[in-house]
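So that we are looking at the same thing, I have put the structure below in structure tokens.
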Amino acid sequence: MELLQTSLILGVVVGIVYSLSGAGLVVIFRTSGYISFTQGDIAAVGLFVGLAAYNSGAGYVWTALLVIAVSTLVGGLVGALITVPLEKHGHLPAALSTIATALIISGLLNLTVGGDPRSFPEVSRSEALSILGVQMSWSDVAGVLVSASVFIGLGVFFSRSRMGVAMRAVNDNKLAGELLGVPDRRLKLVSWTVAGALSGLLGLFVAPILSLSTVSVNTLLVFGFCAIVIGGFDSIFGALVAGTAIGVMTNLTSTYLDPNLVPTVLWASMLLVLLVRPNGLFGRRKLVRV
Amino acid sequence: MSKKLVGLTVALTTLSTALAGCGGGGDSASGAGGDEIVIGAFSPLSGPAVSASSGIYATKAALDKVNDAGGIDGHKIKFIIKDDQFDPAKTPGVTRELVETDRVSMLCGPQGSVPFGAVKDYLAARKIPTIVNAGAPTLAGEYSYLVSSPFDGVGAMLAQFAVEDLDIDKVAIAYSDDALGTSARDGAVRILEADGLEPLGEIKYDITATDFSSQAIQLKATGADFVSIPAAQANVAGLVINAAEKIGYKPIWGLSYAAQNKTLVDVTKGAIDGRAYFATPYITEESETGAEYAATLAEYAPDVEVNSGATIAGYTIGELCVDVLTKAVEAADGEVPTSAQIQETLSSYTADNDYIQGIDWSDEPDGAAAAQILQLKDGKYVESKPFAPLP
Amino acid sequence: MTDDILTLESLTAGYLADVPVLEGVDLAIAPGQAIGIIGRNGAGKSCLAMTIAGALAPQHGAIRLAGEDISATSARARVRSGIALVPEGRQVFAQLSVRENLVAAAYGVGRRLTGSAFGQVTEFFPILKKKESHLAASLSGGEQQMLAIARALVQSPQVIVCDEPSLGLAPVAIDSLAQTLATIRDSGVAFILMEQNRGLLEDLCSSVNLLDAGRIKMTVSPEELSRPEVMAAYLGHAPTADAL
Ligand SMILES: Nc1ncnc2c1ncn2[C@@H]1O[C@H](COP(=O)(O)OP(=O)(O)OP(=O)(O)O)[C@@H](O)[C@H]1O
Ligand SMILES: [Mg+2]
């Protein structure tokens, strides 16, 4: 019984981080209509810069702010200089450019900082509270709170704010956006910048757990990708629920079935959702008129 | 629309995985002169596994030292290292270059169980002998000689150490479901059963996983005082340990040379200092011979991590290659030995020296049959139990 | 005329850089005035609408808004300076709600959609208020057309270019659309109406220009549209071309 409780609670904690990794993908998807494969590497740049600062004496708060600032900047630059300009040739070249950029950044990181995993500072390892006998550190609590606020914030942003609505409009009908004077290029740059910041934020919660290497954030983005496919590309709430469900499901699979089955269960459930509900569990079915 | 995009995205993911494999290969060569003995190795000199290359630099240091002292009976050793990025898809290509273009007479310390597995048969068909820097017992063969102790023995030694030296009978095992992990688990179970005990848990993990909280929960539930993860590399061991300690489970950890390096200390933030033991067939920097090793490394490979298990293994293999080549040159009457002559030497070679004990390739091409136990203490690896035959 | 809000001076433009569709088009329109453009399929009506809206760049000639040459400015700048387009085929944001369509339009001119702006446009189109939170894709064709016009209205334009607003609308719907547009026109907004529907042109426009193969063939009053020689020109059976 204790095994089950603990599996469930820790599954939720890690699942919320999975959702957070889906959030950055959703922000770019909702404005541009494709997935960015660069987010993990953008985060890695921020994290390595942050770690350098930390090692030369910066406190945790400054380190965290620096990580987010650098990821924001790198995200904005990748969008402004590479991906968004390529959109004029279509979604495919733009999406491909995110892969190319990811490989280039990770290649450069391998050259400069190397592939060794390093430890990364965290909020605090000391115990904050205990739920049903499961101890949670301040880092866990911070991870859950920050993720929850990011989700609420993004949900409100896309449904209530003028800019969020305009971002969706640009993705919905590019020509109409242009004719109505909606600044689509600028909105896309904003989405890349925001997604960069979210990647950095995600990195702050991933790196202490997985240790920091050039691939650590990328490894986690796989779960974020599954979360938004299962939850529905246009549903922020869906990503949150699906990410948490994935966390619990993988944890239970690992505990009660076989740890090597985790990827199988993960991808199989994604395919199943695609077959049954192609727009995800919470995605709105697109209305089409001819 | 979204269906199409999902399809596209899945295709792109696949493509990116495939593309991630692309990349240049670099080679480095050393040595010059007339009657050279040409040998080679592959190693990840670039790419994500680049940190494993410390072993090959240490092998090279051992060879460079001999070259600077005049070589082997006047023959300099030319050591050609090719980059395979630890990618078994690239290993065959670079190995073929070594054999067919560079015409190496043996491989000395190529790295990694999986990459070597990809070329073992090719090398045997070409009759090129290899001293392998890897631990999987399946890699041993007519032309491939292992140095590192088999994980069955390592697992057994850790279990014996827990029960007999630490006086702990609550032992649990964590293992990966592959040749290394299961042989380490079987070794441990064998020893426990001989003592009339059984492991409180045998917990399986997946080395590619990102979340080890399930393993942590299960290990904690066993209530064991000693958890053995003999075959784990430092990064995976670190993730398992971190996940366990995070939920307040702090047992004594049994590890091996595979995890013995700075990465583990870094990743666990030193939390396991004093509570981690490592079974290894290799010496430490702190030992008497270790001083010489450290001095050589400081001169020829100042950038690599002296205390890492992989570095020490690489260096030991370099020393073994020199010893083997010396004997082969003798057998060739002072001439550069052929592959066949080196193979002849290897197949009757035994070693019980300051660097390694219990190598007897005249019997089986297996790794060292003796090991010691080190304890991580104040960031250093210190002897806890001296060299003894593996149980 | 100095009080014209929008003037086109020998405007040449097209979709491709070296293939003009419009050639030497001259037009002038005063505030509160509506003029019609009639022409067969492919005559260049949409090309004219897009050029005025700034989505196509003129190859020759000038577009002046209140006397100022705006030929070189972007679509976004034109929207902001007061030219709104109701594009052909409605082009609503299908997966956004009715209200969100209006929010995005207001964002295009750097404004927020105030309650009073929303109230004003939904007074013209009450159905949009009722379906405020419905997805645009779920509206009927006529309702979508209303939404497209409402989007232009929330941008508080001086000139509205309407490209075939009656397309696909029932006769009753066209009548009520005509009334609404007339009200908007009378509030001082200038209209350029690309249309095939004579009823709408007659109800709204002070003059109608006949566009044929990119040139303005004649300018007539709406009543004259039914005269045989005008019909002939419109249908392409002009006496000279009708030698057979
Ligand atoms: N995107 C385009 N690229 C190149 N040429 C085009 C394009 N769209 C239309 N054309 C051509 O330009 C000419 C004018 O087309 P336009 O769409 O402006 O006519 P229209 O009067 O609006 O017709 P309709 O009544 O069918 O809407 C036609 O000959 C058409 O073939
Ligand atoms: Mg048209």
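So that you can scan it fast, the table gives a plain yes or no per residue for (1) at pLDDT 90 or above; (2) assigned to a helix (DSSP H, G or I); (3) under 28 Å from A:GLY90 (Cα atoms):
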site	(1), (2), (3)
A:GLY177	yes, yes, yes
A:ARG185	no, yes, yes
A:VAL194	yes, yes, yes
A:SER199	yes, yes, yes
A:LEU202	yes, yes, no
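Only one of these conditions is not met by A:ILE99: (1) buried (at least 18 other Cβ atoms within 10 Å of the Cβ); (2) touching a strand residue (DSSP E or B) at 6+ places or on another chain (Cβ under 8 Å). Which number is it?
For A:ILE99, the exception is condition (2).
If we keep just the residues of the range A:102-130 that are away from chain B (no Cβ under 11 Å) and under 30 Å from B:ILE247 (Cβ atoms), which is surrounded by the most Cβ atoms within 10 Å (Cβ to Cβ)?
Top of the filtered list is A:VAL123.
Of all residues in the range A:184-210, which are open to solvent by 10 Å² or more (accessible area, probe 1.4 Å), more than 17 Å from A:LEU81 (Cα to Cα), in contact with a helix residue (DSSP H, G or I) (Cβ under 6 Å, 6 or more places away or on another chain) and at the interface with another protein chain (Cβ under 10 Å from one of its Cβ atoms)?
A:LEU210
Filtering the range A:1-32 down to residues that are among the polar types (S, T, N, Q) and under 12 Å from A:LEU202 (Cα atoms), which residue is farthest from the other protein chains (Cβ to nearest Cβ)?
Narrowing the range A:1-32 to residues among the polar types (S, T, N, Q): A:5-7, A:19, A:21, A:31-32.
Still in the running and under 12 Å from A:LEU202 (Cα atoms): A:19, A:21.
Numbers: A:SER19: 14, A:SER21: 11 Å.
It comes out as A:SER19.
Which residues, taken from the range C:48-73, are buried (at least 21 other Cβ atoms within 10 Å of the Cβ) and out of contact with any helix residue (DSSP H, G or I) (no Cβ under 9 Å at 6 or more places or on another chain)?
Of everything in the range C:48-73, those that are buried (at least 21 other Cβ atoms within 10 Å of the Cβ) and out of contact with any helix residue (DSSP H, G or I) (no Cβ under 9 Å at 6 or more places or on another chain) turn out to be C:LEU48, C:ALA49, C:THR51.
Of the numbered conditions (1) closer than 26 Å to C:ALA150 by Cα; (2) within 16 Å of ligand 1 (Cβ to nearest atom), C:GLN33 satisfies every one except a single condition; which is it?
Checking C:GLN33 against (1) closer than 26 Å to C:ALA150 by Cα; (2) within 16 Å of ligand 1 (Cβ to nearest atom), the one that fails is (2).
Any idea which of C:ILE184, C:ILE192 is away from chain A (no Cβ under 14 Å), β-branched (Val, Ile, Thr) and within 16 Å of ligand 2 (Cβ to nearest atom)? Walk me through it before giving the result.
Working: C:ILE184 fails: within 16 Å of ligand 2 (Cβ to nearest atom).
Result of the check over C:ILE184, C:ILE192: C:ILE192.
Let me ask something else about it. Tally time: how many residues in the range B:216-260 are closer than 23 Å to B:PRO150 by Cβ, without any contact (Cβ under 8 Å) to a residue 60 or more places away in the chain and assigned to a loop (DSSP other than H, G, I, E, B)?
Number satisfying all stated conditions: 3.
Another question, then. Quick one: B:GLN372 ticks every box in (1) without any contact (Cβ under 8 Å) to a residue 40 or more places away in the chain; (2) polar (S, T, N, Q); (3) open to solvent by less than 30 Å² (accessible area, probe 1.4 Å); (4) closer than 20 Å to B:GLU288 by Cβ except a single one, so which number is it?
(1)
If you check B:LYS90, B:LYS170, which single one turns out to be buried (at least 19 other Cβ atoms within 10 Å of the Cβ) and of a type in the set (D, E, K, R)? Can you show your working first?
Values: B:LYS170 fails: buried (at least 19 other Cβ atoms within 10 Å of the Cβ).
Exactly one residue qualifies, and that residue is B:LYS90.
Quick check, is C:ALA28 surrounded by fewer than 17 Cβ atoms within 10 Å (Cβ to Cβ), modelled with pLDDT of 90 or more and under 22 Å from C:ILE184 (Cβ atoms)?
Working: surrounded by fewer than 17 Cβ atoms within 10 Å (Cβ to Cβ): yes; modelled with pLDDT of 90 or more: yes; under 22 Å from C:ILE184 (Cβ atoms): yes.
Yes; evaluated as a whole, the condition is true for this residue.
Condition check ((1) touching a His at 6+ places or on another chain (Cβ under 9 Å); (2) assigned to a helix (DSSP H, G or I); (3) surrounded by fewer than 17 Cβ atoms within 10 Å (Cβ to Cβ)) across all residues:
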| position | (1), (2), (3) |
| --- | --- |
| C:ARG90 | no, no, no |
| C:ALA94 | no, no, no |
| C:ALA105 | no, yes, no |
| C:GLY110 | no, no, yes |
| C:ILE127 | no, yes, yes |
| C:GLN144 | no, yes, no |
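Within 15 Å of the chain's Cα centre (by Cα), under 19 Å from A:GLY114 (Cα atoms) and surrounded by fewer than 22 Cβ atoms within 10 Å (Cβ to Cβ): does that describe B:ASN261? Reasoning before the result, please.
On the way: within 15 Å of the chain's Cα centre (by Cα): yes; under 19 Å from A:GLY114 (Cα atoms): yes; surrounded by fewer than 22 Cβ atoms within 10 Å (Cβ to Cβ): no.
Here the answer is no, as B:ASN261 does not meet what is asked.
Going through B:ALA276, B:ALA295, B:ALA332, B:ALA340 one at a time, which residue ends up being in contact (Cβ under 8 Å) with a residue 60 or more places away in the chain, more than 15 Å from the chain's Cα centre (by Cα) and either farther than 30 Å from B:ALA224 by Cβ or open to solvent by 30 Å² or more (accessible area, probe 1.4 Å) (or both)? Working first, answer last.
Working: B:ALA276 fails: either farther than 30 Å from B:ALA224 by Cβ or open to solvent by 30 Å² or more (accessible area, probe 1.4 Å) (or both); B:ALA295 fails: in contact (Cβ under 8 Å) with a residue 60 or more places away in the chain; B:ALA332 fails: in contact (Cβ under 8 Å) with a residue 60 or more places away in the chain.
Exactly one of B:ALA276, B:ALA295, B:ALA332, B:ALA340 is in contact (Cβ under 8 Å) with a residue 60 or more places away in the chain, more than 15 Å from the chain's Cα centre (by Cα) and either farther than 30 Å from B:ALA224 by Cβ or open to solvent by 30 Å² or more (accessible area, probe 1.4 Å) (or both), namely B:ALA340.
Anything in the range A:58-86 that is open to solvent by less than 50 Å² (accessible area, probe 1.4 Å), assigned to a helix (DSSP H, G or I) and among the small types (Gly, Ala, Ser)? List them, or say none.
A:ALA64, A:SER71, A:GLY75, A:GLY76, A:GLY79, A:ALA80, listed by residue number.
Now for a separate question. Based on what the data block shows, is A:VAL49 outside any loop (DSSP other than H, G, I, E, B) and either within 9 Å of another protein chain (Cβ to nearest Cβ) or open to solvent by less than 10 Å² (accessible area, probe 1.4 Å) (or both)? Steps first, please.
On the way: outside any loop (DSSP other than H, G, I, E, B): yes; either within 9 Å of another protein chain (Cβ to nearest Cβ) or open to solvent by less than 10 Å² (accessible area, probe 1.4 Å) (or both): no.
No: the conditions fail for A:VAL49.
I've got another one for you. Kindly check whether there is at least one residue in the range C:11-23 that is within 14 Å of ligand 1 (Cβ to nearest atom) and within 19 Å of C:ARG198 (Cβ to Cβ). Give the steps one after another, and end with the answer.
Our first condition is that a residue be within 14 Å of ligand 1 (Cβ to nearest atom); within the range C:11-23, this holds for C:11-23.
If we keep only those that are within 19 Å of C:ARG198 (Cβ to Cβ) too, we end up with none.
No - not one qualifying residue is present in the range C:11-23.
Let me ask something else. Please state which one of B:PHE226, B:PHE278 is over 16 Å from B:ILE312 (Cα atoms) and of a type outside the set (D, E, K, R).
Numbers: B:PHE278 fails: over 16 Å from B:ILE312 (Cα atoms).
Just a single option satisfies the conditions, and that option is B:PHE226.
Also, quick follow-up: From the list B:ILE252, B:ILE283, which one is open to solvent by 20 Å² or more (accessible area, probe 1.4 Å), away from chain A (no Cβ under 14 Å) and among the hydrophobic types (A, V, I, L, M, F, W, C)?
Values: B:ILE283 fails: open to solvent by 20 Å² or more (accessible area, probe 1.4 Å).
On inspection, the qualifying residue turns out to be B:ILE252.
While we're here: Checking C:GLY44 against (1) within 11 Å of ligand 1 (Cβ to nearest atom); (2) on the phi > 0 side of the Ramachandran plot; (3) surrounded by fewer than 18 Cβ atoms within 10 Å (Cβ to Cβ), only one condition comes out false. Which one?
So C:GLY44 meets the others, but not (3).
C:LEU201 fails exactly one of the following numbered conditions: (1) open to solvent by 50 Å² or more (accessible area, probe 1.4 Å); (2) touching a Pro at 6+ places or on another chain (Cβ under 6 Å); (3) within 16 Å of ligand 2 (Cβ to nearest atom). What is the number of that condition?
(1)
Restricting the search to the range C:20-54, which residues are touching a Pro at 6+ places or on another chain (Cβ under 9 Å) and either away from ligand 2 (no atom under 13 Å from the Cβ) or within 14 Å of chain A (Cβ to nearest Cβ) (or both)?
Within the range C:20-54, C:GLY36, C:SER46, C:ALA49, C:MET50, C:THR51, C:ALA53 meet the criteria.
The values are calculated or read from the model by the stated rules, or taken from the named source; none is laboratory data. As the structure is a prediction and not an experimental result, all values here were calculated from the model. For neighbour counting, all protein chains shown are included, and Cβ atoms are generated from backbone atoms with ideal geometry for every residue, glycine included. Quick note on the areas: whole protein, heavy atoms, side chains included, nothing else; ligands and nucleic acids left out. Shrake-Rupley method; radii C 1.70, N 1.55, O 1.52, S 1.80 Å.
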